[in-house]
Each structure stands twice: as C-alpha cells, then as structure tokens.
Amino acid sequence: MNVIEKLNSIKTGEITAKENVESFIKVIDENNEEINAFLELNKENALKQAKAIDEKIANGKKVGSLAGLVFGVKANINVEDLIVSAASKTLENYIGSYNASVVEKIIAEDGIIIGLLNMDEFAAGSSTETSYFGPTQNPAAIGRIPGGSSGGSAAAIAAKMCDISIGSDTGGSIRNPASHCGVIGFKPTYGAVSRQGLLDLSMSLDQIGPLANDVSGIALALNTIVDYDETECTTLNWDKPDFTSVIEDNSLENMKIAICKEFIDVTDDEINKTVNKAINKLVDGGAELVEVSFDYIDLCLPTYYLINYVEFFSATRKYDGRDYGYRIEEVCGDEVLRRIKIGSHIAQAEFSGKYYKQALKARSVIRNEINSMLENVDLIVGPTVPKLPHKIGEKLTPMEMYAYDILTVIANLAGIPAGSIKAGEVDNIPVGLQLQAKPLDDLKIIKAMSVLQNTQ
Ligand code: GLN
C-alpha cells in the first residue's frame, strides 16, 4: 500500500490513525536501537493527536490532507517541546519553543510528528557519522553509512519507521542519503519551502524537503509544505501545482531528458551502468534522450564549500553559550570546528573580496551554465552520488568526504529542484538516479519519478 492509499484508508476509517501510529512505534521500538534513526520520540502526543483525528473521522468531520500520516523530522528543524539538538552537544538541552513553518503546516493538515531524526552535526557532513549521538546505520546495507547529512531521515524511511520524513538539503543532504538508503528524496526549488524554524547551515543554499518510499508520499508532503511564507523573505509566491496530479502517469511523451558526460566521468562505472538502466526506462516511457555538457564541474565543490564555511561561521555566532546551550567551539566535533575556523579566517577583513566574493562570482557562472543547459531540455538525469557508501567508522579525509557531494551541490548552487529515486543496486547496495529541472519545474521531476516507479 503506498502512502496515498494509506491516507485514503485512514480517511474512510478502514485503518485508524491510532493503528498507524502504533504500528510505527512497534517498528521503532524493535529496531531503533540498532539503526539509531530517531534521537527523540513523541509517542504520547502522537497517540493523542491520532485519537483526535480518529474521532473527527468517526463523527464525519473534515480532516486535513495528511490525516493520520506519520512524519519524522530532522533534528535541525524546530518542533515545540522536543530537543532540537542538530545532533550537537552544543544544543543537547535546547528544547524547541515553537514549531517551524513546515511543522506547523504538517500538523495543521493532521500529519503526526512521531519524533526527531539523527543527522550530521549541524548538517555538516555526508555520512551521519559526525552526530554527537552516534552514527545511523544504513538499513539497506547494514554496516555502511546511510549517507548524510539527513541520514536519520533516510534510514527511518528505509526501515519503515514512518510514512514520510523531512530533511534539509544544503549540498545534497536529502538526495545523498536517499540514494544510499534506496528511498526517494526531493529538494524543491530554492524558496519553494519556508526555511523559517530551520537551524541554518548555509542559508543561501539550505532547502527543506521530504523523503518517502514512494512518489505519492513526496507529492502529498510537497502539497502541504510548498507555500509562500510572508515571514520568510526568500520564499516564492507562485502558482504552485498539485504535486499529486502526476503520480499515476506512465508516459513521458514530449519530455526531453539529458545526460551529461562530465557527471558520468566522475562516477564509478558500476554506478553508471545501474543508473543507465533507469534512464533507459525513462526513454521506454517516451522521453527523448539528448546529451549536454557542463564546463565547470571542477569549480563546484570549491565554490560550494567556500560559501558554506563563511555562511556557517556567521550562523554559529549565536551559539556563544549565552542564549543556547554551550559555546559551540568548546564542545563541537572536528568537522564543525574546521568550518568555523576556516569560515572565520575567510571572513576576516584582509581576505574579503579575495575568496568569498570570488566564490559568489563562480556561483553565478555555474548557475548561468546550468540554466543554459536546461534551456532546451526538461530534465538532466544522472547519478546522485558518484561512489558507494563506505563502511561506518572507515577513516576518510575531509576531501574524500566532500567528494561524495560533487553531483549534488550543483542544484543548491543553481537554486534548482532535484530529486533522487532508487535506480537499482550495485553489490546489493542501493544507488540513486538524480533528476534536475529548471527553477519551479519541480512537478516535472515528480512526473518522471512517477513514471519510473509505475513502470517498475
Ligand atoms: N555534505 C555537504 C556538506 O557537508 C552537504 C550537507 C547538507 O546538504 N546539509 O556541506
């Protein structure tokens, strides 16, 4: 049963919201110790909310568009009364005093928040190993990293601990773990979803988005969370589509999709082979395949990390030990400290104009190039992550860790929408197909993912 079918069964009373919550609590109780996806649970409130929804249904009252569906939320998004630690010791005692805009919307539509999910500390990572609360297991490849930084969000979906999870994606943090765990992850166009209530990693790149086991879950979540927010100046006021309108589609007639040689060149051969099979299915579905080229692949990681360091440094200045928890530099892990130190160095007066401004220039070059690649095609398709996830605990240099992100940072730098869906497996480990589109063409990605899913 997919997510939309479950929703309909709840609305007609075939399944109760309470049963839905209880069945997830059972799976979480059985497996969370091993998987370490959830950092904190909200069982009592979730059951209370489920009861209220069931009563409304029994009394024939109208319920919201997510009635009784169970959500997990990444621990860098504010949820009232839960510990929003961002998986850092810095905030281990910080209790959310309000609901982030996305959380507010989910609850208003009768979605149920079951708990907060593990992640890399302050979302700075690609493996979820930097969490102060220990690494998350990859349920699809036990012993390996789930990817990151939204590793808990992807693992909770792969381990069937909730219907939909919410993650954040600054340079791939939704798509990378979705790829490694074999689930679907979606990063909307920058500004389509309000970031109000998200703890910033790099505010000009951060975007909140959903993960689920099937496209209907992604579409339902988007229908709720994609919205203009007058309190958040980067949100877009646009005529948003009904994302569920394409989930039954099985034809890509009139759609032009492109592969990019430079994306293939940086990716392991076996991953390319598996991803190609998925691309062929899109072609079988009626899409026309063309080739595009991208001249700036080598520029992407340096540009991304430079911007990330500077913006993260500035975002962390509020963790000075006065208002929230501990002074960050005193308790954080190595990767967070590295970013703070380099960010501070770059931000110093004598360096201004030398690095950050250059990075912003490089960013517009990349953005222009990507937009012109997308001018005559609907989607760019290719691998999500260029290599397989490593074994938990294996020592990687920072550069090796950053190399995971080469294909995902592009969408954040360009502000475009991008999704990842399972293409297949290599050595029994899932690998993802990434689909990228023009700004506000999010629906085209949902459509192509639906076709892929429906023809499987
Ligand atoms: N891995 C990237 C980084 O460490 C992306 C993180 C993210 O998207 N939150 O910055």
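The values are calculated or read from the model by the stated rules, or taken from the named source; none is laboratory data. Quick caveat, the model's predicted, so the values are computed rather than measured. All Cβ positions, even for glycine, are placed from backbone atoms using ideal geometry, and neighbour counts span all protein chains on display.
Kindly establish whether N223 is among the polar types (S, T, N, Q), touching a Phe, Trp or Tyr at 6+ places or on another chain (Cβ under 7 Å), more than 16 Å from the ligand (Cβ to nearest atom) and not in a helix (DSSP H, G or I). In short, no. Going by the conditions given, is I259 part of a helix (DSSP H, G or I) and away from the ligand (no atom under 16 Å from the Cβ)? No, not satisfied.
Entry remark, the range 66-105: residues being closer than 28 Å to E19 by Cβ, among the β-branched types (V, I, T) and touching a helix residue (DSSP H, G or I) at 6+ places or on another chain (Cβ under 6 Å) number 3 in total. Going through (1) under 20 Å from L41 (Cβ atoms); (2) away from the ligand (no atom under 16 Å from the Cβ) one by one, N118 falls short only on (2). Checking the stated criteria, T136 turns out not to satisfy the condition of being crowded, with 24+ Cβ neighbours inside 10 Å, part of a loop (DSSP other than H, G, I, E, B), touching a Phe, Trp or Tyr at 6+ places or on another chain (Cβ under 9 Å) and modelled with pLDDT of 95 or more.
Residues in the range 178-206 that are of a type in the set (S, T, Y) and more than 11 Å from the ligand (Cβ to nearest atom): S179, T189, Y190, S194, S204.
When the helices (runs of 4 or more DSSP H) confined to the range 279-368 are screened for residues that are at pLDDT below 95, those reaching at least 3 such residues are found at 334-347. When each of S216, S168, S150 is tested for being within 17 Å of T128 (Cα to Cα), surrounded by 23 or more Cβ atoms within 10 Å (Cβ to Cβ), modelled with pLDDT of 95 or more and out of contact with any Pro (no Cβ under 7 Å at 6 or more places or on another chain), the lone residue that passes is S168. Here E400 qualifies as within 16 Å of the ligand (Cβ to nearest atom) and either at pLDDT 95 or above or under 29 Å from Y309 (Cα atoms) (or both). Mind listing just one residue for me: the one in the range 186-210 that is closer than 16 Å to A123 by Cα and part of a strand (DSSP E or B) and, of those, farthest from the chain's Cα centre (by Cα)? In this case the residue turns out to be L198. On the stretch given as the range 406-430, residues that are part of a loop (DSSP other than H, G, I, E, B), within 14 Å of the ligand (Cβ to nearest atom) and buried (at least 24 other Cβ atoms within 10 Å of the Cβ) total 2. Considered as a group, the residues in the range 139-170 that are part of a loop (DSSP other than H, G, I, E, B) and within 11 Å of the ligand (Cβ to nearest atom) include one that is nearest to I218 (Cα to Cα), and that residue is S150.
Any residue at all in the range 88-97 that's more than 18 Å from E33 (Cβ to Cβ), in contact with a Lys or Arg (Cβ under 9 Å, 6 or more places away or on another chain) and within 16 Å of the ligand (Cβ to nearest atom)? Checked the range 88-97: no residue is more than 18 Å from E33 (Cβ to Cβ), in contact with a Lys or Arg (Cβ under 9 Å, 6 or more places away or on another chain) and within 16 Å of the ligand (Cβ to nearest atom). Counting only residues that are without any contact (Cβ under 8 Å) to a residue 60 or more places away in the chain and of a type in the set (A, V, I, L, M), how many does the range 59-86 have? Residues meeting the conditions: 4.
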